[in-house]
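First comes the structure, then the notes that go with it.
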């Protein structure tokens, strides 16, 4: 894929009113979600669940792409059609999670660095052959006592930039995800400070690795109070702080920004995205890349009857996708939830 094609794919990922569906949960995470609905987490049940999501009628209207897990990109529908073909027919681009997870950062208790660079060039080549158009790599940054350290931020930013360069070499659009975790009692201001430092480090490293920003997507966490904080910031405060942080730290050349929901409720994540887009025009589109915040209503409905509730579960996903599509253009209204 040439530089021009990388830019086209990146722009299509954040086309007006469309965002990314994240269904790249590892088997361990999927186990927890299936346990919550009383469904056994077998490979076949995971396949059926993801088939339900990916065959949702009209999914491509508000979803431009879906991030898949290694298992999922190789799977097919019950009728034998590869998921990648189903997605392409619906106008939904296949993406793939390529990192090997966050592991303890040596010398820095309580902090993590994401691994997976070894062998990545070969894995990307295989994923391209399987149909992947973009990839995702997630780093986690924890706010706590004397955390994050500069060493943690730098190690993760460097790995993200190395991953992004390898992606573009392989003809894949990199989605870089430096997630500042909501866990903890930190204030909005503390989250702002850490988020800005993390983003500045990330883009410095991306410049050093000659990453084409116009062919890259940032998956960002919002500047938000810790989940255990007192007097947590409201929707408008979160929106203003997040936008200000992005304007201060993200180069205008970047193709687009999609947000992770990071522990927010379904409607809270939608409301935050809408509030940001109502603040004005920005150098980049602001859209969504939600996992649980898109899937949760569908998962609960599907879990009640995995065979009989497929259509009802799909309607739940289509609704949440539509709400977030509206939020990505600043046209969401809470009254639409009831409809």
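Please treat every number below as a calculation from the coordinates, not as lab data. These numbers were taken from a predicted model, which means no experiment stands behind them. Ideal geometry is used to build each Cβ from the backbone, glycine not excepted, and the neighbour counts take in all protein chains shown.
Computed with the Debye formula from one identical point scatterer per Cα of region 1-144, without solvent, the log10 of I(q)/I(0) at q = 0.15, 0.19 Å⁻¹ comes to -0.87, -1.23. Quarter the surface of the alpha carbon convex hull of region 97-187 and you get the mean projected area, 6.1 square nanometres. With N as its number of residues, the chain has a Cα radius of gyration that, divided by 2.2 N^0.38 Å, comes to 0.93.
Kindly work out what percent of the DSSP beta bridges joining two residues of region 3-330 are antiparallel, to the nearest 5. Walk me through the numbers before you get to the answer.
Values: 5 of 36 bridges.
Percentage antiparallel, nearest 5: 15.
For region 158-297, the alpha carbon positions stretch 45, 31, 28 Å along the principal axes, listed from largest to smallest.
Where both bridge residues fall in region 130-263, DSSP classifies roughly 5% of the beta bridges as antiparallel. Of all DSSP beta bridges confined to region 1-112, the antiparallel ones make up roughly 20%. Between 18, 322, 46, the Gaussian network model of the chain with springs among Cα atoms under 10 angstrom shows the greatest mean-square fluctuation at 46. Label-to-label distance for residue 88 and residue 145 is 5.5 nm, based on points extended 7 Å past Cα in the beta-carbon direction. Based on Cα contacts under 8 Å between residues 6+ apart, the chain shows a relative contact order of 20 percent.
How would you classify region 249-305 from its alpha-carbon gyration tensor, with a ≥ b ≥ c the square roots of the eigenvalues: rounded for a/c under 1.5, else prolate if a/b is greater than b/c, otherwise oblate?
On the way: a/c = 3.51, a/b = 2.41, b/c = 1.46.
Because a/c hits 1.5 or more and a/b exceeds b/c, region 249-305 counts as prolate.
Nearest 0.05, what FRET efficiency do residue 200 and residue 121 give at R0 = 35 Å with Cβ-Cβ as r? Result of the calculation: an efficiency of 0.80.
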